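Enquirer: Got a structure for you, questions after.
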Amino acid sequence: MLPRVLEPEVMDTAEDARDYDAMDHSAVNRLFATDFLALWTGISPVLDVGTGTAQIPIQICHQLNDRTVRIVAIDLADHMLALARENVARAGVGDRVAVEKADAKRFAYPDGHFGAVISNSIVHHIPEPAACFAEMHRVCAPGGTLFVRDLLRPADAGTLRKLVDTYAAGANDHQRKLFAESLHAALTLDEVRDLIGRLGYAPGTVRATSDRHWTWGAVRSGGSLTIGQSGNACESGRAL
C-alpha cells in the first residue's frame, strides 16, 4: 500500500481554485447528489463541509424540487469561496445556499444544528481527519444523515498513474498534478473505518463505491457523544 503523503490542507491560490472549478466533475457531482438524496431523511438545513466552489450544493438544488431546503456551504479557502459565491449566484440558488468560511476541524455551529452533514473530497486534505469526523458527527442532529465521500488511496504507484490517466486524461498538467497528489493523500478503507469506529459507527457504514472512492453513510443516533480516554464512543450510528 502506498504511504499517505499529505498535500496542502487549504487549496487557496487563484490557480488552484480556477483549475479545480474548471475540471469536469459533473458526473461525480450528479452521482453524489443522487446518492445523498436517496438516503437523506429530509431534515434541513444541510451542511456541506469543504464545498470548494459549491458545485455539489448547486447540483442538489437542481435535483431537489423544494425551495424551502437550506444548505450551508463551507470552506476555508478564500479563492474557492469567491468562486463558490459566483457559481451560486449564477445558478440562481442564492436563496437556498449560504456560502460561509469555516474550518472543518473546529465548527462554530452548536451541537445537532444540522439535519444532514455532507462532504465530498475534503477528508484527504486534513492531516489529522479524526477531528473532522468528530465535528461532522457533533453538529448533525439525532436522526439526521451523515454522508461523506472521498478518494481512496491506491495500492501502488502504477494504479495511481492509471487512475490519473483514466480520469484526468483531458486535464492540464496542473490539474493532473492536483489529482495525483489528492490520491496520494487519501485514506484507505481500513483507516476510514477505524476513524468512524471511534465515534461508535459500524465499520460496514463505510464502503468502496468506485475504483477511486469510499463512501460513509449513516444516520446520526440519538444521545450525546461521550469519548473516553481510549477514544471509543459510547453510542453507535445506523448504516444507511
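Only the coordinates and a few stated rules stand behind these numbers; no lab work does. The structure displayed is predicted, hence computed values, not measured ones. Every residue, glycine as well, gets a Cβ built from its backbone with ideal geometry; the counts of neighbours run over all protein chains shown.
Enquirer: Could you identify which residue out of Ala89, Ala116, Ala33 has the top mean-square fluctuation in a GNM of the chain using Cα springs shorter than 10 Å?
Expert: Between Ala89, Ala116, Ala33, it is Ala89 that shows the largest mean-square fluctuation.
Enquirer: In terms of modelled amide H atoms, which long-range or inter-chain residues lie less than 5 Å from the amide H of Ile71?
Expert: So Ile71 has HN proximity to Val46, Val97, Ala98.
Enquirer: Please turn the phi angles of the range 81-89 into ³J(HN,Hα) values with the Karplus equation 6.51 cos²θ - 1.76 cosθ + 1.60 (θ = phi - 60°), one per residue in order, whole Hz, x for glycine and proline.
Expert: So the Karplus estimates, Gly and Pro as x, are 5, 4, 5, 4, 5, 5, 5, 5, 5 Hz.
Enquirer: Continuing with this model, one more query. Okay, helix-only estimate at 222 nm for the chain: each DSSP H run of n ≥ 4 adds -39500 (n - 2.57), divide by all residues, round to 500 deg cm²/dmol; what do you get?
Expert: Working: 8 runs with 89 residues, N = 240.
That calculation yields -11500 deg cm²/dmol at 222 nm.
Enquirer: In terms of the ratio Rg/(2.2 N^0.38 Å) built on C-alpha atoms, what value belongs to the chain?
Expert: That ratio works out to 0.96.
Enquirer: Sort Ser26, Ser119, Ser221 by Cβ crowding within 10 Å, fewest neighbours at the top.
Expert: Lowest to highest Cβ neighbour count: Ser26, Ser221, Ser119.
Enquirer: Sticking with this one: To check you understand DSSP bridge types, tell me what percent of the beta bridges within the range 99-201 (both residues inside) are antiparallel, rounded to 5. All intermediate terms of the calculation are to be shown ahead of the outcome.
Expert: Details: 1 of 8 bridges.
DSSP beta bridges in the range 99-201 are roughly 10 percent antiparallel.
Enquirer: While we're looking at this one, here's another question. Quick one: 3J(HN,Hα) in Hz for the range 96-101, Karplus 6.51/-1.76/1.60 with θ = phi - 60°, rounded, Gly and Pro as x.
Expert: 10, 10, 9, 9, 9, 8
Enquirer: Roughly what % of DSSP beta bridges within the chain run antiparallel, to the nearest 5?
Expert: For the chain, the DSSP antiparallel bridge percentage is about 40.
Enquirer: Can you list residues whose amide H is under 5 Å from Ala202's amide H, if they're 5+ apart or on another chain and H is modeled 1.01 Å from N?
Expert: Counting only residues 5 or more places away or on other chains, the set is Gly237.
Enquirer: Taking the Cα centre of the chain as origin, work out the dipole magnitude from +1 charges on Lys and Arg Cβ and -1 charges on Asp and Glu Cβ, in debye rounded to 20.
Expert: Its charge dipole is roughly 620 debye.
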